[in-house]
Amino acid sequence: MKITTCRTLLLTILLLTVYQSIAQDRAYVHRVVSELASPAMHGRGYYKEGDHKAAAFIAGELTKAEVIPLWDNYRQSYSFSINTFPGKVILRADGRKLKPGRDFVINPANGSVDALYQLKWLPDTLTKSHSVYAIVDTSQLAGIMPVLPKKLGETYRSGLKGVPALMQIDDNIWWHVSRRQWPSGKVALKVHPDAIKPGTASVRVKAKAQLLENRPAFNVGGMVRGHIQPDSFVVFVAHYDHLGRMGNEAIFPGASDNASGTAAVLDLARYYAANPEKAYYSMIFLLVSGEEAGLLGSRHFVENPPYDLTKTRFVINFDMVGTGSQGLNVFNANANPLAFGHLKKLNGQYEWFGELRERGASCNSDHCPFHQKGIPAFFLLTFGPENRHYHNIYDRAEMLPFTRYEQLFALVTTFIDNLPQLPWQTPIAE
Ligand SMILES: [Zn+2]
């Protein structure tokens, strides 16, 4: 055996040993994502209680992992209002039916509508929304729907003052959710340029909207008790909710966002439950809802924590972690420079990710409510060209490779293993 071959073999054995002792479970993670992103979960939104079905599934997984429930049935309940589209959402252009979710979306704040509009195509050269008013007389818009070019930005999201109905042409058909409903008569659509010919004369829009007020929602969580400092906590958090369905045709599966993070946290729960000696501090596995509606689940948790929140040593939030060929975004890195320095050192040592990208403290996911309470928190988000689907109907389980899953698991568990020894790891002021 040549020396180089021998060294390669030794290195392979060493790496295998590292990964085996780390014991992440890729097959389990794929299974969880397939389940959560399946049509039976209705996109984990509000249509046919998709989010409640997901909560029951997650509680079942925590039960099987035999972690300690944080609440009865592992569930913390709260409520919020949300606008939904329980029936059909129909758009016909000159009589031809467009496919919801693929060809168009309706603004999630839209109320019910059943109307025919004559289209008024505005020039492609428009770049400022106020210049619309030079072309359009807002007192003459009854039954008229102006069609706006993509360059006007997210006009479809906010609508235009004095313009009751509008269509925006955009090749990025993605959706979001709304807790409010617009007054009746106001309509905004986003339509893919391949789905409607310029010069199309009229559209018929039909949608039934339903504002669900104070609808019940659930955070789901369990714990493995720490064997050295059980009264200090590490929180692994991910949101399991997504957008649900826009009408009964368009489903937003949310495999990347955020079945991927949910699966990672459930895998960590199984790992710490099977290796309790690894839990120096108590480990919390928290799957929150209401993220897409404005971080509502994580906000509810920090306002109503099941333990003394000031005893939290660190929070790791996983949101969209199914790629990683190019690296890992670490949001809040700037806010925790020493912790980020350590994370970078570990990554440099083991070369888990090509790049750890240092990101600022943006309030774009569930780490934010913890951070605002003064608790050190990172938000991890993988990046790479292997999956860029975001908030669309293509964000499906089979599109998600989990390119660097073993590396992500190793990075996080090693960082948490090292946490008690880090010199900056002082108790949080009480
Ligand atoms: Zn999202």
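A few comments on the model shown:
- Net charge in the neighbourhood of Ile416 (other residues with Cβ under 13 Å of its Cβ; Lys, Arg +1, Asp, Glu -1) is +1.
- Order by protection proxy (mean Cβ within 10 Å, highest first), peptides 329-335, 368-374, 137-143, 288-294: 288-294, 329-335, 368-374, 137-143
- For a label point 7 Å along the Cα-to-beta-carbon line of Glu66, residues of segment 262-303 with backbone N under 14 Å: 270-277
- Most to least packed among 405-413, 212-220 [average Cβ atoms within 10 Å]: 405-413, 212-220
- Residue-span extension gain [His130 to Glu351] - 0.36 nm each, minus C-alpha spacing: 74.5 nm
- Sites Glu406 and Lys97 - FRET efficiency at Förster radius 51 Å, r taken between beta-carbons, to 0.05: 0.65
- Sequence-distant aspartates and glutamates (8 or more away, or on other chains) whose Cα lies within less than 13 Å of Lys373: Glu303, Asp308, Glu430
- For segment 258-365, the convex hull drawn through the C-alpha positions has a volume of 131 cubic angstrom per residue.
- Counting only Cβ charges, +1 for Lys and Arg and -1 for Asp and Glu, the dipole size of the chain around its Cα centre is about 1080 debye.
- Magnitude of the charge dipole for segment 89-207, about its Cα centre and with charges confined to Cβ atoms of Lys, Arg (+1) and Asp, Glu (-1), is about 280 debye.
- Fraction of antiparallel bridges per DSSP, segment 89-207 only, in percent to nearest 5: 60
- Partners of Lys344 within straight-line reach, counting lysines whose Cα lies under 23 Å from its Cα and excluding those fewer than 8 residues away in the same chain: Lys278.
- Packing-based ranking, highest mean first, of 193-199, 376-382 given that Cβ atoms within 10 Å are counted: 376-382, 193-199
- Furthest towards positive pole of dipole, Pro164, Gly244, Ser34, structure part the chain, Cβ charges: Pro164
- Kirkwood radius and radius of gyration were both taken over the C-alpha atoms of the chain, and their ratio Rg/Rh is 1.04.
- The alpha-carbon of Lys186 sits under 28 angstrom from the alpha-carbons of these lysines, leaving out residues fewer than 8 places away in its chain: Lys48, Lys88, Lys97, Lys99, Lys120, Lys128, Lys150, Lys151, Lys161, Lys197, Lys206, Lys208.
- Relative contact order for segment 276-404: 34 percent, from Cα pairs under 8 Å spaced at least 6 residues apart, divided by residue count.
A short reminder: the numbers here are calculations on the coordinates, not readings from a lab. Values in this document were obtained by computation on a predicted structure and should not be read as measured data. Ideal geometry is used to build each Cβ from the backbone, glycine not excepted, and the neighbour counts take in all protein chains shown.
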